[in-house]
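Report on the following structure.
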Amino acid sequence: MADFSVPANRRAIEAALQKVRSEFGHEYDLLIGGDRVKTTDKLRSINPSRPSEVVGIHQKATPELASRAVESTYAYFPEWAATSQESRVRKLLAAAQLLREHKYEFDAWLVCEAGKTWPEAEADVSEAIDFCEYYAREMLRLSGPQPVVQMPGERDELRYLPLGVGIIIPPWNFPLAIVVGMTVAALVTGNTVVIKPSSETPTVAAKFAELLLEAGFPTRSFSFLPGSGSAVGDLLVSHPKTRFIAFTGSREVGLRINELAAKTQPGQKWIKRVVAEMGGKDAIIVDGDADVDKAVDGVLVSAFGYQGQKCSACSRAIVDARVYDQFLDKLKKKTETLTVGPSDDPSNFMGPVISENARKTILQYIEVGSKEGKAVTGGGAAPGDGFFVKPTIIADVDSTARIFQEEIFGPVLAVTKARNFEHALELANDSQYGLTGAIFSNDAEHIRRAREEFFVGNLYVNRKCTGAIVGAHPFGGFNMSGTDSKAGGPDYLLLFLQAKSIAERAG
Ligand code: NAP
């Protein structure tokens, strides 16, 4: 990760921002089976820090074009599946190298299209590079025959085969890392894909699609298909030639995809596989003997980094009664020092939320929350043209409150008092979600119990609950947080493969 306190790095990202700005308003094509396609209906992505600025103009796919994309990607699948694993791995490493070479430019696109601050953008791009490097090596591990028990008189083998056509549906909040991770995992394992980017951040995805071509991925190995999820999503998911769907996004859309994919269509020959990573309502427990200052810093950055728009963001702080007042007082003071404004200005800790609609929803939640608990700080829009929201803390929130149970996806933190550790653990697990969680504690027995009983896919002890690192913290959640695919972990590529067992005897 680039350190932006180093003058050379600052100069590099400033130059990249200038270059990216000069490309604002450029029009991007759909890529379908090697053809560049234009439509009459366009999608405009805007800069959430300055909504009058159009970042990119994109074609809006129609159901007919979506169907064409699946068909042409399906037609190329046998050829791509037959290429050597080594050659696919080499292309992926070339993509990683290109991402490294254009890192500041990608940072700048993320700043302008997703409203990420410089360090948040840099983390997103770094994660994208890590995914490429990690899955390339994972593919080498899974290439060729896998070790199995040898029966006397037989040659026994197990090898992995790709599945077919995958539909890649990412969210906007990690507009590079998530689209890259899901796409390259599918491609390096020998599948062909249709990429349906988020309508909020299609330019970042279009830049990545161009990079895939530059890295040597064949034009027909993937289709790039921006368009409204509600207009083309159902067709892509239910198409009989679709073999799997890799989705990351909200619980609502994930469940719909899961349901639709389960319905067998005429002509369909397989059970579709759905990898769905969904929402979170992540809690940090602050134990009675915790280092309160460390806990405040951990909660602050987890709750308000990228405006709370991370599936891993802390939206519930559950604090032992012994340190509750002290914690709240310190957290309030620190939160009030956070700066909110355009994300291209590095003096701002927080940028805008993604859209006017998102801001509306968040402000409605703040209104509801202010009745359910006690508004401590924030509580409304922040000044400026962009979609700015003040970091908001609502204290004394009961576990039945909507703001305790529902994912808000914005800079809103509910703080709840726990009678003791037992109660804190019970509150933390009182959720339909189970993505990330953290505990700040110095009590070895409490930490042991959290390791056993805190029901989340990613648990952190004495640190923030965001910022999973590929390879170190395989990522994915329990219950309504999704299928626990553990992106960036050793089990991930298996989701894009099927195993064939071969037993051979002499004829
Ligand atoms: P979203 O509204 O569910 O959208 C996700 C993607 O689904 C977008 O590309 C969207 O396209 C598409 N889509 C919408 N309707 C569809 C349909 N009927 N069929 C197929 N695709 C459809 O989520 P979001 O607002 O982009 O992202 C925020 C959510 O993602 C939060 O809930 C967050 O917790 C979750 N998330 C989870 C993880 C994780 O790893 N668990 C990571 C990041 C984010 P359009 O943009 O065109 O509508």
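The values are calculated or read from the model by the stated rules, or taken from the named source; none is laboratory data. These numbers come from a predicted model, not from an experiment. In this analysis, Cβ positions are derived from the backbone assuming ideal geometry, glycine residues included, and neighbour counts consider all displayed protein chains.
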May I ask you to list the residues in the range 333-357 that are within 16 Å of the ligand (Cβ to nearest atom) and not β-branched (Val, Ile, Thr)? 352, 355, 356, 357
Checking the condition in contact (Cβ under 8 Å) with a residue 60 or more places away in the chain and in contact with a strand residue (DSSP E or B) (Cβ under 8 Å, 6 or more places away or on another chain), which residue from 437, 457 passes? 437
Could you please tell me which pairs satisfy a Cβ distance under 7 Å, a separation of 6+ or placement on different chains, a first residue in the range 288-313 that is on the phi > 0 side of the Ramachandran plot, and a second residue that is modelled with pLDDT of 95 or more and assigned to a helix (DSSP H, G or I)? 306/120
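Table: residues versus (1) assigned to a strand (DSSP E or B); (2) buried (at least 23 other Cβ atoms within 10 Å of the Cβ); (3) within 16 Å of the ligand (Cβ to nearest atom); (4) not assigned by TED's automatic domain parsing to the domain that holds residue 320.
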| site | (1), (2), (3), (4) |
| --- | --- |
| 448 | no, no, no, no |
| 452 | no, no, no, no |
| 455 | no, no, yes, no |
| 459 | yes, no, yes, no |
| 465 | no, yes, yes, no |
| 491 | no, no, yes, yes |
| 494 | no, no, no, yes |
| 498 | yes, no, no, yes |
Scanning the range 284-304 for residues that are surrounded by 24 or more Cβ atoms within 10 Å (Cβ to Cβ) and closer than 23 Å to residue 350 by Cβ gives 284, 286, 295, 296, 298, 299, 302, 303, 304
Kindly indicate whether residue 37 is in the same structural domain as residue 204 (by TED's automatic domain parsing) and either farther than 14 Å from residue 204 by Cα or touching a residue at least 60 places away in the same chain (Cβ under 8 Å) (or both). yes
Where residue 227 falls short, out of the listed (1) without any contact (Cβ under 8 Å) to a residue 60 or more places away in the chain; (2) assigned to a loop (DSSP other than H, G, I, E, B): (1)
Could you figure out which of (1) over 24 Å from the mean Cα position of the chain (by Cα); (2) assigned by TED's automatic domain parsing to the domain that holds residue 106 isn't true of residue 11? (2)
Filtering the range 284-307 for residues that are within 13 Å of the ligand (Cβ to nearest atom) and among the hydrophobic types (A, V, I, L, M, F, W, C) leaves a count of 0
For the range 359-379, indicate whether the set of residues that are among the polar types (S, T, N, Q) and within 23 Å of the chain's Cα centre (by Cα) is non-empty. yes
State which residue is nearest to residue 497 (Cα to Cα) when the search covers only the range 180-201 and only residues that are within 9 Å of the ligand (Cβ to nearest atom) and touching a strand residue (DSSP E or B) at 6+ places or on another chain (Cβ under 7 Å). 196
Return a yes/no flag: does the range 142-155 have any residue that is under 20 Å from the mean Cα position of the chain (by Cα) and modelled with pLDDT of 95 or more. no
In contact with a Phe, Trp or Tyr (Cβ under 7 Å, 6 or more places away or on another chain), at pLDDT 95 or above and over 18 Å from residue 300 (Cα atoms): which single residue out of 455, 421 fits that description? 455
Let me confirm something: among 310, 281, 360, 374, which residue is within 16 Å of the ligand (Cβ to nearest atom), modelled with pLDDT of 95 or more, surrounded by fewer than 17 Cβ atoms within 10 Å (Cβ to Cβ) and among the basic types (Lys, Arg)? 360
With respect to residue 16, is the statement that it is in a loop (DSSP other than H, G, I, E, B) and touching a residue at least 60 places away in the same chain (Cβ under 8 Å) true? no
Considering only residues that are under 20 Å from residue 201 (Cβ atoms) and in contact with a Pro (Cβ under 8 Å, 6 or more places away or on another chain), which ones fall in the range 330-358? 342, 343, 348, 350, 351, 352, 353, 354, 355, 356
Is it fair to say residue 212 is within 11 Å of the ligand (Cβ to nearest atom) and over 18 Å from the mean Cα position of the chain (by Cα)? no
Residue check, residue 78 out of contact with any Pro (no Cβ under 8 Å at 6 or more places or on another chain), surrounded by fewer than 16 Cβ atoms within 10 Å (Cβ to Cβ), assigned by TED's automatic domain parsing to the domain that holds residue 242 and in contact (Cβ under 8 Å) with a residue 60 or more places away in the chain: no
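Here's the yes/no breakdown for (1) buried (at least 24 other Cβ atoms within 10 Å of the Cβ); (2) farther than 15 Å from residue 485 by Cβ; (3) basic (Lys, Arg); (4) not assigned by TED's automatic domain parsing to the domain that holds residue 78:
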position: 172; (1), (2), (3), (4): yes, yes, no, no
position: 178; (1), (2), (3), (4): yes, no, no, no
position: 182; (1), (2), (3), (4): yes, no, no, no
position: 197; (1), (2), (3), (4): yes, yes, no, no
position: 214; (1), (2), (3), (4): no, yes, no, no
position: 228; (1), (2), (3), (4): no, yes, no, no
Flagged in the range 227-267 as more than 26 Å from residue 478 (Cβ to Cβ) and near the ligand (Cβ under 6 Å from one of its atoms), in numbering order, are 228, 230, 234
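This table checks each residue for (1) under 28 Å from residue 351 (Cα atoms); (2) modelled with pLDDT of 95 or more; (3) surrounded by 15 or more Cβ atoms within 10 Å (Cβ to Cβ).
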residue	(1), (2), (3)
17	yes, yes, yes
25	yes, yes, no
60	yes, yes, yes
69	no, yes, yes
Quick check: anything in the range 316-325 touching a Phe, Trp or Tyr at 6+ places or on another chain (Cβ under 6 Å), surrounded by fewer than 23 Cβ atoms within 10 Å (Cβ to Cβ) and of a type in the set (D, E, K, R)? no
